[in-house]
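Just below is one structure, and these are the notes that go with it.
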Amino acid sequence: MSIDDYEGMVVIGAGPAGSTLAYLAKQRFNTNIVVYEALRRPGLKACGWGLLRNVEDYIGPIPREAVLNNIKGFRIYVDDELVVDYGSKRTIAYMVDRPLLMEKLLEHSNAEVLLGHRISVREAVRIHQNYLPVIATGFQWRPRDRRLILGIEYRVEDAHIDEPGLMEVWTWSGIVGYLWVFPFNSREAHIGIGGTLPYAELKRLLEEFIRRDKRFENTRIVDRLSGYVTVNGLDEKFLGPGIPVIGEAMGAVFPLTGEGMRPSMISAWSLIEALKQGNWRKYIRVLQKTGLTKSIKLQYKMLRHIEKRRAHLNVDKLRSLVKDCEWLVYELAFGKMNTWTVLRALPCGLKKALIIASLIRRYSG
Ligand SMILES: Cc1cc2nc3c(=O)[nH]c(=O)nc-3n(C[C@H](O)[C@H](O)[C@H](O)COP(=O)(O)OP(=O)(O)OC[C@H]3O[C@@H](n4cnc5c(N)ncnc54)[C@H](O)[C@@H]3O)c2cc1C
């Protein structure tokens with residue numbers, strides 16, 4: 001069905017998926033858009049606020065007002081030892097003010113936005129007859145079919161971050177999950193942790209990290225949030241009864257990293273592209289063409305593998321694998337592993353290229 005078959009679009013949920021959909025719909029079609037959001041402000045749920053820049057290949061430049069920081073590299077620590085130190089001349093990710101970003105996207109969409117309104121699909125269809133309903137409710141859609149991992153997010157002030165252009169990831173042997181430090185500037189950051197451990201254990205690890213790290217000696221914790229992230233990957237069970245489902249609701253989250261904003265926005269873009277082609281039902285095929293579905297599947301298999309091995313990590317092995325080709329970790333974390341990755345790895349040594357090829361074959365089959 002094409003957009004012309006409907007009087008408009010009714011979007012349930014104003015997270016990255018729903019607000020991007022409204023934003024792109026306004027740019028591409030002249031149609032009525034109504035957005036329902038259960039929260040009093042869009043985008044308020046727990047999130048690290050890290051957004052990879054390549055999302056702009058799909059939705060265009062993100063509104064500058066919402067950009068808090070340009071990230072040009074990252075460091076990964078395993079068992080308190082630095083294993084990956086990746087830097088780039090260009091911005092690879094943004095720290096965004098997530099609620100503000102959602103607001104700006106919605107503002108540009110001219111949609112009618114109903115905040116503080118929780119609505120069921122049935123109700124939305126009844127009220128907005130002849131509108132295309134879109135489910136963008138995040139992990140709250142079909143929760144029983146999901147594998148959810150818990151995340152805790154603290155916002156800190158009065159820190160002393162000497163390199164605020166770098167994101168940090170910390171993980172420890174025996175733990176399926178990681179802790180992140182995502183700076184807004186040298187004084188403010190999001191520090192969070194996500195993983196398969198119970199809430200109390202994650203909280204203990206997070207608070208111990210903040211206490212131990214000198215950069216956060218006199219830090220004030222100004223916000224504490226927690227929430228779930230879907231790690232099943234894209235699953236047919238999440239697809240709607242003849243209704244498009246986008247974003248985390250459809251499982252568009254990288255299972256290993258928990259990165260969900262960019263995939264959610266790309267899934268919204270895919271739906272718009274399919275509508276432009278005259279049939280929204282093609283949106284899964286459009287999404288597949290972006291390579292996202294394959295990368296998510298790859299990360300899901302890797303997550304399962306790590307869980308089976310009980311997250312046993314060998315620091316020396318990891319360090320030697322990524323030495324001189326830290327970009328590999330960037331490609332893996334951000335879902336870009338393919339044949340091209342293998343070719344790019346060749347100058348790092350045939351052995352490494354072969355290991356990568358076997359990893360891709362093993363996990364993406
Ligand atoms: C602790 C934590 C940290 C994270 N950090 C990052 C990060 O740094 N970067 C990243 O890319 N991803 C991160 N993620 C994942 C990311 O937040 C989500 O995957 C992403 O927000 C999904 O976008 P979405 O629009 O699909 O769903 P959501 O962001 O969940 O938005 C769905 C919206 O729908 C609303 N809603 C639900 N039901 C209804 C209803 N019936 N009626 C009306 N409204 C409804 C909800 O209130 C919500 O606002 C993190 C997740 C967690 C838990």
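Just so you know, all these numbers are worked out from the coordinates, no wet-lab data involved. Everything quoted here is computed from the prediction, not taken from an experiment. Every residue, glycine as well, gets a Cβ built from its backbone with ideal geometry; the counts of neighbours run over all protein chains shown.
Just a few scattered comments:
- Peptides 18-29, 148-159, 345-356 ordered by packing proxy, namely the average of other Cβ atoms within 10 Å per residue, highest first: 18-29, 148-159, 345-356.
- Relative to the longest principal axis of the Cα atoms of the chain, the long axis of helix 16-28 lies at roughly 50 degrees.
- For the stretch 342-359, the Karplus equation 6.51 cos²θ - 1.76 cosθ + 1.60, evaluated at θ = phi - 60°, returns couplings of 4, 5, 5, 7, 3, x, 7, x, 4, 4, 5, 4, 5, 4, 5, 4, 5, 4 Hz by residue, with Gly and Pro reported as x.
- Neighbourhood net charge (10 Å Cβ-Cβ; Lys/Arg +1, Asp/Glu -1) for residue 116: +2
- Once C-alpha pairs closer than 8 Å and six or more residues apart are averaged by separation and normalised to the residue number of the stretch 148-230, the relative contact order reads 45 percent.
- Highest-first arrangement of 264-272, 69-77, 5-13, where packing means the average Cβ count within 10 Å: 264-272, 5-13, 69-77
- With a simple spin-label model that places each label point 7 Å from the Cα along the Cα-to-Cβ direction, the separation between residue 53 and residue 211 comes to 3.9 nm.
- Gyration tensor (alpha-carbon) shape descriptor, the chain, a/c threshold 1.5: prolate
- Alpha carbon centroid spacing (whole Å) that separates the stretch 44-90 from the stretch 151-181: 12
- Cross-link reach list, lysines versus residue 276, counting only Cα pairs under 28 Å and skipping chain neighbours closer than eight places: 26, 104, 237, 289, 294, 297, 336
- Phi angles of the stretch 125-135 translate, via the Karplus equation with coefficients 6.51, -1.76, 1.60 and θ = phi - 60°, into HN-Hα couplings of 5, 5, 6, 10, 5, 6, 9, 7, x, 10, 8 Hz per residue; Gly and Pro are given as x.
- When each of the peptides 88-94, 32-38 is scored by how many other beta carbons lie within 10 Å of its residues on average, the order from highest to lowest is 32-38, 88-94.
- Think of the chain as having a plus end and a minus end, set by charges on the Cβ of Lys, Arg, Asp and Glu; of 184, 280, 136, 280 sits farthest toward the positive end of this dipole.
- Around the Cα centre of the stretch 26-98, unit charges on the Cβ atoms of Lys, Arg, Asp and Glu (plus for the first two, minus for the last two) sum to a dipole of about 480 debye.
- Amide H within-cut-off set for residue 240, under 5 Å, with H built and near neighbours excluded: 245
- Amide H contacts for residue 77 (H built 1.01 Å from N in the peptide plane; partners 5 or more residues away or on another chain; cut-off under 5 Å): 83, 169, 170, 171.
- Cα-based shape type of the stretch 284-365, given that a ≥ b ≥ c are square roots of the gyration tensor eigenvalues and the cut on a/c is 1.5: oblate
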